[in-house]
Structures are given as C-alpha cells and as structure tokens.
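Right, I'll just put the structure down here and ask away after.
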Amino acid sequence: MKTATGRQRPLDIAGAAATIVFMVRGAITLCWRGLLDLALPTVCAACGRRDERAGPLCPSCAAALLGQVDGRYCPRCGAGIGENLPVDEDGCFQCPTPVPRFQRVVRLTAYEPPLAEVIRGMKFRGVRHGCRWLGRLLADRVAATGELASVDAVQHVPLHWIRRLDRGFDQGRLLAAAIARRIGRPRLEALRRVRNTPPQVNLPRTRRLENVRGAFKPVGRDAEGLHVLLVDDVTTTGATADEATRALLAGGARRVSLAVVAKAEPPPRQT
Ligand SMILES: [Zn+2]
Ligand SMILES: [Zn+2]
C-alpha cells in the first residue's frame, strides 16, 4: 500500500525488528553472564586457578594486588610517582594540559597484572563479585585520603545504553554502588551518556578529548551543590572523566573528585 510515508515504512519495520533482535540478544547476554557469575565464583579472575573462598582472586593474586596498592601517585592525574620524588598536591610533570576539571584523583594502583586481569574479567566475563570487591577496596582508599570528609554523593561514568546492553551490565555502576554502600553516601544517576563513542585505546589525549566531547549530559538537578565522587574503572589520560566532570558541573555540582580502580599509562606519543 502506497502512502505519503509509504517509502519509509519498510525501513521503519526493519529498524524495529533490528531493535527487538538487539534487545533480545542483550537480555540473553544478561542472563548468561548472571549464570556464569553464579557458576564460576571460585575461579581466580587473574590466574584461573580454582579456589574455595569468596572473592575474585586466589590468595596469592590477592596478596600481589594488595602489595601494589600505595599512595605514591599524583593526586591531580593519578600517575605513579617514584620513590624519591615528593607527592605534590598541585600536580606533577605528567599532568595533562589542559588540567582536568576533576579536583582530585584517588586510585588503587597502576593498570598492570593482576589487577588488569580482574578488570578485564569484570568487563568481558561479567565477574560482578569482582566489581563489588574492587569497589570496597577503592572505598577504603578514598577514606584513607581524607577526601571522604567532604564527599556528598557517588556517581559512575555511565556506559552508553548500547554498550551496556551488549555487555549485560555497567561495571562502573556496580563499582559506584559498592563504594556508596561502604562510605555511607547516596549513589546518583545524574549523568547520561548520549553518544556511543568509539574506544579511546591508542588515541593521544587531544584526540581522546575530541572523541568524548559532548558524550555526557546532566540528568536532573540531583548533583546541585554537591561534592560528587565520580567513579570509573580505568583512566588513561583522564579525557573521559574530564568530560563527565564537565557535565556534572553543568548540572550544578560544586566539586568533582575522581575515584578509579587503575591508572593506565597513556600512549607513548601524546600530542
Ligand atoms: Zn590467582
Ligand atoms: Zn600529575
């Protein structure tokens, strides 16, 4: 049948069918990953050895990770600081330019084994208990810095809904929930990712800033006047967290601090 919009109707039907297929696939992924999570809670996320205690890592990998956690990093960008160098509250020679809009970084450690395996596990194998475990560790680091005293609420760097559906969950939200519970602060849903940006891997910082520009929008006014603890799993150049911070400040937040599980080394050639 021919109508004024008749030419577009087959496309509309195809688009709706694709959306339904995509959503069904997402639901199946969600169930499958939940089952995997239940079925494999005793396999170490780093070395794959079976172990009977709860938690994502076997005792030796957990000990290795805890041995890497220290405070020798720049509080403005999260880069590691050598043993003999002072930790300066105002930043370090590795701090990016322009300086990110978040005021302070709290991290667990650098992005290296065994922590890297735990993070990959929670991203790609759906190891939710790994998120909760890391969230509690990170919450304790936040408390140890004294930053906690003025934090009012916790907000994660959200995935785009397409990525969340594909993965089956949002690891940042799980981390933020564990942190909020541990430190006794509310968790906000004050950010939305409005663009599904291509992965940042291997891009220099300037390209990363362009890549994520406008990727987040504030939602409501729940962040208004608050010191928000922004939570993400990994930061490299800080470009994504900086853009999320911009949106939070646009939504009325008073101050934003960043809590990340790991700080990855930026690509060797930054421009
Ligand atoms: Zn292990
Ligand atoms: Zn720095």
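Which one is nearest to Glu210 (Cα to Cα), of the residues in the stretch 92-138 that are within 15 Å of the chain's Cα centre (by Cα) and within 13 Å of ligand 2 (Cβ to nearest atom)?
Only one residue tops the list, namely Phe102.
Restricting the first residue to the stretch 56-73 and requiring it to be over 27 Å from Gly91 (Cβ atoms), which pairs with a second residue that is near ligand 1 (Cβ under 10 Å from one of its atoms) and in a helix (DSSP H, G or I) meet a Cβ separation below 7 Å and a spacing of at least six or different chains?
So the pair list comes out as Pro56/Val118; Leu57/Leu65; Leu57/Val118.
Among the residues of the stretch 203-242, which ones are hydroxyl-bearing (Ser, Thr, Tyr) and surrounded by fewer than 19 Cβ atoms within 10 Å (Cβ to Cβ)?
Residue satisfying the conditions is Thr206 alone.
Can you confirm whether Thr97 is among the hydroxyl-bearing types (Ser, Thr, Tyr) and surrounded by 14 or more Cβ atoms within 10 Å (Cβ to Cβ)?
no
Let me ask you something else. Exactly one condition in (1) within 24 Å of Thr145 (Cβ to Cβ); (2) buried (at least 19 other Cβ atoms within 10 Å of the Cβ) is false for Leu249; which is it?
For Leu249, the exception is condition (2).
Moving on. Would you tally the residues in the stretch 68-88 being in a loop (DSSP other than H, G, I, E, B), in contact with a Lys or Arg (Cβ under 8 Å, 6 or more places away or on another chain) and over 22 Å from Ala244 (Cβ atoms)?
Qualifying residue count, the stretch 68-88: 5.
Quick check: is even one residue across the stretch 108-116 part of a helix (DSSP H, G or I), within 16 Å of ligand 1 (Cβ to nearest atom) and touching a residue at least 40 places away in the same chain (Cβ under 8 Å)?
Yes: the stretch 108-116 contains one or more residues that are part of a helix (DSSP H, G or I), within 16 Å of ligand 1 (Cβ to nearest atom) and touching a residue at least 40 places away in the same chain (Cβ under 8 Å).
Looking at (1) within 22 Å of Asp140 (Cα to Cα); (2) touching a helix residue (DSSP H, G or I) at 6+ places or on another chain (Cβ under 8 Å), can you tell me which one Pro266 breaks?
With (1) within 22 Å of Asp140 (Cα to Cα); (2) touching a helix residue (DSSP H, G or I) at 6+ places or on another chain (Cβ under 8 Å) applied to Pro266, the lone miss is (1).
Residues being assigned to a loop (DSSP other than H, G, I, E, B), among the β-branched types (Val, Ile, Thr) and surrounded by fewer than 18 Cβ atoms within 10 Å (Cβ to Cβ): count how many of those fall in the stretch 151-196.
1
Only the coordinates and a few stated rules stand behind these numbers; no lab work does. Quantities reported herein were computed from a predicted structural model and do not represent experimental measurements. Glycine gets a Cβ as well: all are built from the backbone with ideal geometry, and neighbour counts include every protein chain shown.
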